[in-house]
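Contents: one structure, followed by commentary.
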């Protein structure tokens, strides 16, 4: 066997008949499968043991040789080799065909490959291959032409001209009335019968694949290619397009060494029997793979054809049989590609070889890209409030099953069991010793937990298992957000990393503690929610007039003790001597003063790091700079007077707690942050319990004014209806106004309701803290439900005026179900669409990996804040953070140099630039990165998941795809119609807009852009055609743009415009922008457009993820003029390959090719990759394989997918060559001198030691 990690590329090609025979272990001659009585494979059949190997390990078919000692012997009685039965998964057979047949992929694909080689139309080919017409192979000296099509009648007539038919017996040696045996008759017929005396001028014409094969054999590739190249110089239009296509395919045959005639088959390979099994069901019936039926049809027809040929049957019968054989082979290769598919029982189309590869259930996606694994289990998840952050609870029985081999090994090692068998029995009996050993085995080990759907890398994390009773897996409550898990019946899968390397990687890279930041935006994904938020909110509430208000304490402990003894309330505002506090957070002046706070805040601050600022109010100022001066009492000031005059401080809400975690992570990194998270969780749960906050029906107060507001709304609706009946307003206006009235009524009720709510109301507290619920929930509970969504996407005019506290009437209930159903269907559709988008994104970017430290580019991208009109979409700070500068940055006012080139922008420096009012910065960007097949560290910048510089080997493409796809389900699915409002156009938003951008489709409501730079000299209106004309004039030319009357103008007369500027509102077509302006503008536009969609929905995604995608969409060039290169015009190729070819051409003193950049949608870009394995496993499997096999394409195995498919380690992370090829460091000899030691240390440092690198990746990095 080949060592899968030892080869660097994989090639695909056409198999010649000899190659197919060389694979085969024997010819399959009979259609039989197994004997139904003995259940043994039939001889020469589809399961023959002589061809494919024995069905039982080390045993021949007749049983003469049994056991391994006869290994390799071929039985003299039954002819079966004694070997392992698994060879039946590897050994192939073959079928020798009585007549050649064409391979349907190469004849039926679009374009037809055989048609292109022969320059014959697919329609004509079909007539020849399926025996409706003859094709002239050699015209001889006739007036016919090569490849001319003849009908049966034309063929006969032509034959009569050139063949002499004997009619007089005297010209033969036979007598009238002589009786001939069949053999004698045949011999005489051959000698004197029809077509006997052929003239030299005769022609040759044939039907079927045989004729096609002869023609393909006659193709002189070199000569045809030379002729086509000559013809291309003059050709134009459709002919030119066809010539380029033909040239492409003929050159592919020339380069690959494939022969054109190999697309016609004389021999068909038979795949190993264990890949098309036959199994006996209970009841004596058999279930078999469809392939066996398809092979059986081929063998039956082939054998019948052989018989007919032996019998010299009439030509028409033979032709019919050959046609049936061709159809049988077509069905075997790709059933349903031509004509009606062959069906099995119940009219189900049979699954052919092509279907085994295609689609979600095909070989690629079902078995090669994802496999079922052993050492895994799944169960329902449950909350584990007592777990530490990196722990999970595993049910005992599950853990025992998962770690069975380890427990068995330990039982034997400790001599508690004599052998493996008795160890297994001990485990089955669940002896007491087993549980102790299981505990020991689990120490220091990690397991992986995964929740489907795995939308991003945080969907699989490593935890240290803790044994728990029961059958459910316990999950830490703070890990839920990353998994998007809740405890309403969700299930999770557990996997055990087996090897030491896998354990090390799981612990160092995948442990939950390392996943505090979300890769999409670098903000904490682990943030307190629900009870934890509520508890900490309750803890930090301030109230006036509580027990013990104004007390002053010597230190925090005294205050807490006073609270526990009942002398002071949790929410009381008290004073504490600062001198008793840790030194770091306070300055010298403050240390002699008394700080105003509450007992709850003192308790809250006990969980914070000692030198972290004391948190007294939920503001960024307090978080970063410490407690503001207004909270400190100078000596002699009256605390009660100051408290009376002071407003209450708001408690700590969800958002602030997240900010606290982010700040702690920034300063202290992983370990301290996880401790804080655990402490915050415990504190939150404790205080939420102590608070006794719960929801009761009495907490929902009825609004007194509601009846009046609803009655008023009814009146307004009546007035609108009267106006409509009088014909004063249209139906559409009436509908819109009614909807408006009810929305206003609901808003009024909502506002009054919020004003009437008491801040101590439990529901109000839950909402205000961010723990659960929002205003809309209360309006529905205590106000009115309002308007419901109609199934067609609009709004129903009749509102639900009741609320849930009062209860709904039957009619209102039914109206509500409409809205609920719409919600459910939308969610389901959105999930499917979002998942498909993610899949395409992953596919297009899966080979983008950080490949080097610095690509040395001299180009950057100028960034500024992204604006939509006056609305800020993405601030400059977000665009700078974690990147490198390309050029020096100067203060716009003073001209002072603020930063040099190639310097790292962290939080401090980014904020410094903003403070100096810098509006534009040129940064290193992925758009200008020169690294091939990936990106460099400098152009990428910070790894958002760790907050440190990205490492070589990081799979940034996949992370980018997940970061864009994962929030996809939060986007809307709607297209907004502005409903006839003047100047409005349909705006596509949400998920459809993201898809529209990434697929580079023509947008809905497309904007007109100018192709010339100049001045708007006139805007003329033409009432007759309902259009406007915009005239743009430059120095050289004048251009007029006609736009519809309804389109909103983006320019006015006298405006100066640049090429690519929009003249009307709407979305720009990026392909048009690329042609009109340049690549950089197109990249910036695409990035800004995607950011608009996500940010408007409140989803933050870092620019760099979008840059990865847009870069992949723009990595191809279309060759316009090949000049002196040997590239074909119109070829699509990678920019880097194009530049390489041109560099070589210039070096040899020739003229380089010219090309223009092309914008491809992500689907097209994924299919245009250099890896045929990746493309075939994505979409259009048969088309990709057809094309690449003709080209004899080489897959360089650069991306992730292709390596997963062939079972190689992926070339990312620790699977990269640079990490795999590390040598272990030699042991230092004990008596080594200092010089030896220092040399070894140098070697150690130069070898980028993997584990050190991984560990350092988690520590704060120094950016010099």
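The values are calculated or read from the model by the stated rules, or taken from the named source; none is laboratory data. Since the model is a prediction, treat every value here as computed from it, not as a measurement. Quick reminder, even Gly has a Cβ in these numbers, built from the backbone with ideal geometry, and neighbours come from all protein chains shown.
General observations
- Some residue of the stretch 696-709 being over 29 Å from residue 751 (Cβ atoms), crowded, with 17+ Cβ neighbours inside 10 Å and at pLDDT 90 or above: no
- Exactly one residue out of 876, 837 is within 24 Å of the chain's Cα centre (by Cα), touching a residue at least 24 places away in the same chain (Cβ under 8 Å) and surrounded by 14 or more Cβ atoms within 10 Å (Cβ to Cβ), and it is 837.
- Within the option set 93, 109, being surrounded by 17 or more Cβ atoms within 10 Å (Cβ to Cβ), outside the structural domain of residue 300 (by TED's automatic domain parsing) and within 25 Å of residue 1190 (Cα to Cα) holds for one residue only, 109.
- Failed item in (1) free of Cβ contacts under 8 Å to residues at least 12 places away in the same chain; (2) within 30 Å of residue 364 (Cβ to Cβ); (3) not in a helix (DSSP H, G or I), with residue 832 passing the rest: (3)
- If the condition is being assigned to a helix (DSSP H, G or I) and under 27 Å from residue 1212 (Cβ atoms), then the stretch 1176-1200 contributes 1176, 1181, 1184, 1185, 1188, 1200.
- Only one entry in 1117, 1090 is touching a residue at least 24 places away in the same chain (Cβ under 8 Å), touching a helix residue (DSSP H, G or I) at 6+ places or on another chain (Cβ under 7 Å) and assigned to a strand (DSSP E or B), namely 1117.
- Scanning the stretch 775-816 for residues that are part of a helix (DSSP H, G or I) and touching a strand residue (DSSP E or B) at 6+ places or on another chain (Cβ under 7 Å) gives 812, 815, 816.
- Test result for residue 145, under 60 Å from the mean Cα position of the chain (by Cα) and modelled with pLDDT of 65 or more: yes
- Selected residue (only one of 340, 363, 348 is under 30 Å from residue 108 (Cβ atoms) and in contact with a helix residue (DSSP H, G or I) (Cβ under 6 Å, 6 or more places away or on another chain)): 363
- From 434, 494, 533, residue being in contact with a helix residue (DSSP H, G or I) (Cβ under 6 Å, 6 or more places away or on another chain) and under 20 Å from residue 388 (Cα atoms): 533
- Selection from the stretch 984-1041 of residues that are without any contact (Cβ under 8 Å) to a residue 40 or more places away in the chain and part of a loop (DSSP other than H, G, I, E, B): 986, 1023, 1024, 1025, 1026, 1034, 1035, 1036, 1037
- If the condition is being within 12 Å of residue 1212 (Cβ to Cβ) and either more than 9 Å from the chain's Cα centre (by Cα) or in a loop (DSSP other than H, G, I, E, B) (or both), then the stretch 951-964 contributes 951, 952, 953, 954, 955, 956, 957, 959.
- Positions within the stretch 331-374 being in a helix (DSSP H, G or I) and in contact with a strand residue (DSSP E or B) (Cβ under 8 Å, 6 or more places away or on another chain), in sequence order: 332
- Qualifying residue in the stretch 1100-1108 (condition: surrounded by fewer than 19 Cβ atoms within 10 Å (Cβ to Cβ) and out of contact with any strand residue (DSSP E or B) (no Cβ under 6 Å at 6 or more places or on another chain)): yes
- Within the stretch 777-789, the presence of at least one residue that is in contact with a helix residue (DSSP H, G or I) (Cβ under 9 Å, 6 or more places away or on another chain), under 23 Å from residue 691 (Cα atoms) and buried (at least 17 other Cβ atoms within 10 Å of the Cβ) is confirmed.
- One residue from 1176, 1084, 1144 being out of contact with any strand residue (DSSP E or B) (no Cβ under 7 Å at 6 or more places or on another chain) and surrounded by fewer than 16 Cβ atoms within 10 Å (Cβ to Cβ): 1144
- Taking the conditions (1) part of a helix (DSSP H, G or I); (2) buried (at least 20 other Cβ atoms within 10 Å of the Cβ); (3) more than 33 Å from the chain's Cα centre (by Cα) in turn, residue 422 satisfies each one other than (2).
- Qualifying residue in the stretch 123-139 (condition: surrounded by fewer than 16 Cβ atoms within 10 Å (Cβ to Cβ), modelled with pLDDT of 90 or more and not in a loop (DSSP other than H, G, I, E, B)): yes
- Of all residues in the stretch 1120-1162, those being in a helix (DSSP H, G or I) and either within 19 Å of residue 244 (Cβ to Cβ) or touching a helix residue (DSSP H, G or I) at 6+ places or on another chain (Cβ under 7 Å) (or both) number 4.
- Residue in the stretch 288-304 that is under 40 Å from the mean Cα position of the chain (by Cα), in the same structural domain as residue 85 (by TED's automatic domain parsing), modelled with pLDDT of 90 or more and part of a loop (DSSP other than H, G, I, E, B) present: yes
- Here the stretch 573-592 is the region considered, the condition is being part of a strand (DSSP E or B), touching a helix residue (DSSP H, G or I) at 6+ places or on another chain (Cβ under 8 Å) and free of Cβ contacts under 8 Å to residues at least 40 places away in the same chain, and the residue that is surrounded by the most Cβ atoms within 10 Å (Cβ to Cβ) is 574.
- If you go through the stretch 883-902 and pick out every residue that is surrounded by fewer than 17 Cβ atoms within 10 Å (Cβ to Cβ) and either touching a helix residue (DSSP H, G or I) at 6+ places or on another chain (Cβ under 8 Å) or in a helix (DSSP H, G or I) (or both), you end up with 1.
Every residue, every condition in (1) farther than 27 Å from residue 734 by Cβ; (2) surrounded by 12 or more Cβ atoms within 10 Å (Cβ to Cβ), yes or no:
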residue: 799; (1), (2): no, yes
residue: 802; (1), (2): no, yes
residue: 806; (1), (2): yes, yes
residue: 811; (1), (2): no, no
residue: 815; (1), (2): no, yes
residue: 819; (1), (2): no, yes
residue: 831; (1), (2): yes, yes
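Yes/no matrix, rows are residues, columns are (1) under 27 Å from residue 673 (Cα atoms); (2) assigned to a loop (DSSP other than H, G, I, E, B); (3) assigned by TED's automatic domain parsing to the domain that holds residue 545; (4) touching a strand residue (DSSP E or B) at 6+ places or on another chain (Cβ under 6 Å):
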residue	(1), (2), (3), (4)
607	yes, yes, yes, no
616	yes, yes, yes, yes
624	yes, no, yes, no
630	no, no, yes, no
635	no, yes, yes, no
643	no, no, yes, yes
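- Total residues in the stretch 205-241, condition free of Cβ contacts under 8 Å to residues at least 24 places away in the same chain and in a loop (DSSP other than H, G, I, E, B): 3
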